[in-house]
Structures are given as structure tokens and as C-alpha cells.
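Enquirer: Starting off with a structure, shown below.
What follows draws every value from the coordinates through simple rules; no lab data is involved. Quick caveat: nothing in here was measured; it's all calculated off a predicted structure. Quick reminder, even Gly has a Cβ in these numbers, built from the backbone with ideal geometry, and neighbours come from all protein chains shown.
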Ligand SMILES: Nc1ncnc2c1ncn2[C@@H]1O[C@H](COP(=O)(O)OP(=O)(O)OP(=O)(O)O)[C@@H](O)[C@H]1O
């Protein structure tokens, strides 16, 4: 079995009367990506702050890189890197100077080489000597992550690393994360983007009202929500009635003139189903194959119906 990079047991934290973490347990194997998800205010940053020694827990045990976060703060700090929601970048310094500062703080003897390599890796060479205040949001995030990597920490905490980034910059960050993991780094990721967790995480945990309400691989979590189905919309009520008689077990919506049929989206059986409707001259207006994604898992576990939205694939009119 792989050793644990992070192990958390019975973790509790309250602010006054407000219980934020109500006894949570999880384990992150070394060299994997663990993603903590939860609605706004669920306690993700609180968890990261406890794991990174910035905040004391009320109860529970937390080991990071094999060290207890309350008694071995120094050892934990030397094993981790943290990229927060609010970048640590100093705007009045250049990219190179920001990196150099971190290298000096960590007493790296090969500071210059490390800084040059990181500027190259993050494609920041051309902007290296410009003030960070002139950087775009994406460049600033890259610099922030580069600063986190100075000294090669074993475990990196990324608290919403791509919030506000455009899709291209987000993908660049994802590929950097994948490279880090390939090199054996452990990543603890919090994100608002479920696609990001789906893309990167080996394990996902969903935090809601102080507890972890689900844990598993993205695939395991997706299997917990109702499965793939076909949504069929008809032209008239009599078409809807006729199709419901033919198809058997369906969920119907008379206002929308739609039927939902459990379906794996496999083309051959889809074609057979459409042919059956056609043979009966049933007037189908449109159909969509819908597969569950992490958004569905998140919404069903955290009951965030306000952000519910359909995600249709393969819409045919
Ligand atoms: N220092 C503090 N004093 C009092 N309450 C706090 C403090 N820090 C956080 N909280 C409260 O604790 C809860 C959890 O906050 P936290 O920032 O950990 O959530 P989060 O999951 O990271 O949210 P977001 O996704 O919005 O960043 C929130 O209700 C927040 O208002």
C-alpha cells in the first residue's frame, strides 16, 4: 500500500457556535491528486488552513508528510507548498525577483538555477524582468504556482487554483499539475469547477454542512447518481402517450411533452428505439442523451438546486 501524504481523523473546527468541520476523516496516498469539493462556505479553506498549519483544529488528528500538524509544524511546513486563492505574488517585484525571494527564504544554494528553470517551465522567460503588476491573471497564477514549487515540496495545496482563469490558462495549469503528479508530487486541490476535479483527481471528497457526504473516485461518485438516460420531446400529447405505451418504464413530463428513458447511449439500441417510434408514426421533435457528471453528483449531494442546469449531449432536432 502507498504511504499517506495526508491523513485526517475526527477533525473538528468551530467558529463560536458555528460548527464548520464536524468530525471529518480522509486519507491521501502519496503521489495522488485529492480534490475537496463543497459549496461556498462549506469549510474547504478552513480544512486547507488546518492542514497547512495556519489554523489550529479543535479536535482530531492530522498528519501531513508523516508529521503531526500541531506538534511538528516546522517539519510539515518544510514538506509542503501552498498556492492560495489570494496569490502570494509581490506586485512591486518582477517575476524573477519574486521567485528569487522565495529561493532565498528557503536558503537554496542553487537559487539562480532553480529560478531560471521555473521561469522556463512556466513560460515566463520573456516577462521575467517585468513587474508582476503588469502580468495577466493567468501569468500571475503561473508565477504563484512556480513560487510554490521552489524547493520541490512533496505535497502541494492548491486552493481554487484556476478560479477566474480563461479556459486556455486553466488547461495550462492542469497540464502542470499532471506533470507534478507524474514526478511523484501529491496534490491537495480545492476547486469550484467539478470538471477540474473530474480531469485531475484520483479521489474526490464532498464536504457539506461540516461532514464529508461522499468520497471516492470520480467514476465511483458518478455511479451514485441516477444513470444515463435518453430525453425525448414530442410534437403532440398523442405522440407522448403513444411513445409512453411503447417504451414502458419512463418518466413523463406532460407540460414539456418529454419522456425520460433509462438508456446507456449505445448507438445500436438507440437506433432501434428511434425506429420503433418511427414505425408507429410517432412525431419526435428532439432527443438528447444525458450522462451523469460530477455536477450531478455535487447537486444531488449538496442539494444546490439553484444552480441546476441541464447538460445535454448529442442534441438532434
Ligand atoms: N475567522 C473566521 N471567523 C468566523 N467564521 C469564519 C472564519 N473563517 C471562516 N469562517 C466561516 O466558516 C465557514 C467556512 O469557511 P471556509 O472559508 O472554510 O469555506 P470554503 O468552503 O472555503 O468557502 P468558499 O468556497 O466560499 O471559499 C463559513 O461559513 C465562513 O463564514
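Enquirer: Computed FRET efficiency, Cβ-Cβ of residue 202 and residue 131, R0 45 Å: what is it to the nearest 0.05? Intermediate results must be reported in sequence, preceding the final value.
Expert: Details: r = 38 Å, r/R0 = 0.85.
In this case the efficiency is close to 0.75.
Enquirer: Per Stokes-Einstein, at 4 °C and 1.567 mPa s, what whole-number D in µm² s⁻¹ belongs to segment 180-299, with the Kirkwood radius over Cα pairs as the hydrodynamic radius?
Expert: Answer from the Stokes-Einstein relation: 77 µm²/s.
Enquirer: Give me the angle, in degrees from 0 to 90, between the Cα long axis of helix 167-182 and the longest principal axis of the Cα atoms of the chain, rounded to the nearest 10.
Expert: 70
Enquirer: Could you give the angle, 0 to 90 degrees to the nearest 10, between helix 95-105's Cα long axis and the longest principal axis of the Cα atoms of the chain?
Expert: 60
Enquirer: How far is helix 237-247 tilted off the main Cα axis of the chain, in degrees rounded to 10, range 0 to 90?
Expert: Once rounded, one gets 80 degrees.
Enquirer: Just to be sure I understand: if I project the alpha-carbon convex hull of segment 165-217 onto a plane and average over all orientations, what area do I get in nm²? Before the final figure, lay out each step's value.
Expert: On the way: hull surface 16.5 nm².
Taking a quarter of the hull surface, the average projection is 4.1 nm².
Enquirer: So if I take the centroid of the Cα atoms in segment 195-272 and the same for segment 1-36, what is the distance between those two points in Å?
Expert: Answer, in whole Å: 31.
Enquirer: Now, a different point. Can you tell me the Rg and Dmax of segment 13-68, counting just the alpha carbons, in angstroms?
Expert: In order Rg, Dmax, the Cα atoms of segment 13-68 give 11.7, 37 Å.
Enquirer: If the chain between residue 105 and residue 74 were fully stretched, how many nm would it gain, using 0.36 nm times the residue separation less the Cα-Cα distance?
Expert: Details: separation 31, 0.36 × 31 = 11.16 nm, distance 1.41 nm.
Residue separation times 0.36 nm, minus the Cα-Cα distance, leaves 9.8 nm.
Enquirer: So if R0 is 25 Å, what FRET efficiency would residue 274 and residue 235 give, r being the distance between their Cβ atoms, rounded to the nearest 0.05?
Expert: Values: r = 15 Å, r/R0 = 0.59.
According to the calculation, E is roughly 0.95.
Enquirer: Right, next: What is the distance, in nm, between label points placed 7 Å from the Cα along the Cα-to-Cβ direction at residue 223 and at residue 97?
Expert: If labels sit at residue 223 and residue 97, their model points lie 5.5 nm apart.
Enquirer: For a Förster distance of 41 Å, can you work out the FRET efficiency between the beta-carbons of residue 209 and residue 168, rounded to the nearest 0.05?
Expert: Details: r = 36 Å, r/R0 = 0.87.
For residue 209 and residue 168, the calculated efficiency is 0.70.
Enquirer: A follow-up question, please. In terms of the Cα gyration tensor, with a ≥ b ≥ c the square roots of its eigenvalues, is segment 75-166 rounded because a/c is under 1.5, prolate because a/b exceeds b/c, or oblate? Don't skip to the answer; put the middle values down first.
Expert: Details: a/c = 1.80, a/b = 1.11, b/c = 1.62.
Oblate, because a/c is 1.5 or more while a/b does not exceed b/c.
Enquirer: If I take every Cα pair under 8 Å that is 6 or more residues apart in segment 4-222, average their sequence separation and divide by the length, what percent do I get for the relative contact order? Could the numbers behind the result be given before it?
Expert: On the way: 411 pairs, mean separation 62.4, N = 219.
Dividing the mean separation by the residue count of segment 4-222 yields 28 percent.
Enquirer: Kirkwood hydrodynamic radius for the chain: how many Å is it when counted over pairs of different Cα atoms? Don't skip to the end; give the middle numbers.
Expert: Values: mean 1/r = 0.0449 Å⁻¹.
Taking every pair of different Cα atoms in the chain, averaging 1/r and inverting gives 22.3 Å.
Enquirer: Residues of segment 147-167 with the amide nitrogen closer than 12 Å to a label point 7 Å from the Cα of residue 30, along Cα-to-Cβ, please.
Expert: What the label zone holds, given the 12 Å backbone N cut-off, is 154-155.
Enquirer: With springs connecting C-alpha atoms under 10 Å apart, model the chain as a Gaussian network and identify which of 168, 223, 178 has the largest mean-square fluctuation.
Expert: 168
Enquirer: Under a plain spin-label model, where a point goes 7 Å from the Cα along Cα-to-Cβ, how far apart in nm are residue 55 and residue 15?
Expert: Distance between label points: 0.7 nm.
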